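Written below as structure tokens is the structure these notes are about.
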């Protein structure tokens with residue numbers, strides 16, 4: 001959690017490029033104490049950005065709801081001390097050579113792990129192919145069945161139709177997921193993954209139908225599967241199969257979440273996760289630089305570091321707590 005604290009705080013406090021502005025004398029007063037109107041006015045006259053920064057800081061202090069024990073722990077964290085700490089964090093000239101050095105360190109010690117990601121992914125892909133319930137059956141989107149009213153305009157019923165083909169003898173039941181995503185932005189939009197279960201025994205190629213959501217029916221009226229596949233990437237995963245009295249489930253294979261996430265989307269973040277799966281000591285480049293930055297800032301002023309870290313954690317927690325409380329109220 002703390003790895004996002006300082007970039008976030010920098011954005012909050014450094015809106016004008018310099019924390020607390022050009023004011024040379026900062027309030028030597030605890031951040032738990034409010035400034036008087038006279039004190040605030042005096043500093044705003046020197047730096048007009050101070051008013052907004054002060055409100056932001058007061059919001060964080062209030063929202064974090066520090067305990068009395070925490071207030072005692074951070075009683076000597078003043079506006080002046082915090083300014084000095086955050087000014088160091090915002091000093092690009094100070095951090096640029098250090099970041100470059102840390103990136104070189106990362107390349108020397110960690111970058112080689114990324115070259116093994118494709119090998120790790122290939123291993124799990126082969127494992128899935130050999131052990132997945134999908135080895136027993138193939139499911140293909142075959143057509144859209146749109147039925148119109150006989151005596152007036154409008155769609156009466158609409159179905160996705162899939163061809164289910166057993167690959168190793170008859171099956172008793174199957175469950176699969178179906179989702180599609182546009183290859184380019186268009187009017188169809190994205191569709192969430194849908195689970196479908198077909199619980200009728202299948203011995204040969206068989207068509208199964210699943211109703212299209214009422215709000216989506218118009219989108220598929222007059223559309224062929226070929227036209228649809230030209231515009232959309234379709235994903236069908238066989239998640240469960242019952243065959244000869246035995247149930248086979250994709251979940252039981254224990255495929256790591258990092259691999260599933262990579263199959264969903266190949267990004268630097270998912271590659272980092274796969275590299276860490278293969279080598280638990282692996283750390284991504286951004287995380288490595290962030291860790292080293294944390295180390296430096298903790299050495300620079302451990303008290304301010306802990307104050308801001310704990311404060312932002314508690315703010316995020318309180319924000320999530322309020323959001324869920326609001327949802328519960330709506331649902332009641």
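The values are calculated or read from the model by the stated rules, or taken from the named source; none is laboratory data. Keep in mind that what you see is a predicted model, and the values were worked out from it rather than measured. Glycine gets a Cβ as well: all are built from the backbone with ideal geometry, and neighbour counts include every protein chain shown.
Could you list, in sequence order, the residues of segment 219-246 that are in contact with a strand residue (DSSP E or B) (Cβ under 7 Å, 6 or more places away or on another chain) and over 18 Å from residue 130 (Cβ atoms)?
220, 221, 223, 225, 231, 232, 233, 234, 235, 236, 242 - these are the residues of segment 219-246 that are in contact with a strand residue (DSSP E or B) (Cβ under 7 Å, 6 or more places away or on another chain) and over 18 Å from residue 130 (Cβ atoms).
Across segment 46-103, which residue is nearest to residue 299 (Cα to Cα) among those that are without any contact (Cβ under 8 Å) to a residue 40 or more places away in the chain and outside any helix (DSSP H, G or I)?
Among residues in segment 46-103 that are without any contact (Cβ under 8 Å) to a residue 40 or more places away in the chain and outside any helix (DSSP H, G or I), the one nearest to residue 299 (Cα to Cα) is 91.
Restricting to segment 104-116, name every residue that is surrounded by 14 or more Cβ atoms within 10 Å (Cβ to Cβ) and in a loop (DSSP other than H, G, I, E, B).
Those that are surrounded by 14 or more Cβ atoms within 10 Å (Cβ to Cβ) and in a loop (DSSP other than H, G, I, E, B): 110, 116.
Looking at residue 120 and the list (1) touching a residue at least 40 places away in the same chain (Cβ under 8 Å); (2) farther than 24 Å from residue 305 by Cβ; (3) not in a helix (DSSP H, G or I), which single condition is not satisfied?
Failing condition for residue 120: (3).
Just wondering, is there one or more residues in segment 131-141 that are surrounded by fewer than 16 Cβ atoms within 10 Å (Cβ to Cβ), in contact with a helix residue (DSSP H, G or I) (Cβ under 8 Å, 6 or more places away or on another chain) and more than 29 Å from residue 219 (Cα to Cα)?
Checked segment 131-141: at least one residue is surrounded by fewer than 16 Cβ atoms within 10 Å (Cβ to Cβ), in contact with a helix residue (DSSP H, G or I) (Cβ under 8 Å, 6 or more places away or on another chain) and more than 29 Å from residue 219 (Cα to Cα).
Within segment 216-254, can you find the residues that are surrounded by fewer than 18 Cβ atoms within 10 Å (Cβ to Cβ) and assigned to a loop (DSSP other than H, G, I, E, B)?
Answer for segment 216-254, where residues must be surrounded by fewer than 18 Cβ atoms within 10 Å (Cβ to Cβ) and assigned to a loop (DSSP other than H, G, I, E, B): 221, 222, 223, 224, 244, 245, 254.
Of all residues in segment 8-43, which are part of a helix (DSSP H, G or I) and either modelled with pLDDT under 50 or surrounded by 17 or more Cβ atoms within 10 Å (Cβ to Cβ) (or both)?
8, 9, 10, 11, 12, 13, 43
Here is a check on your reading of the model: is residue 290 in a strand (DSSP E or B) and surrounded by 15 or more Cβ atoms within 10 Å (Cβ to Cβ)?
Here the answer is no, as residue 290 does not meet what is asked.
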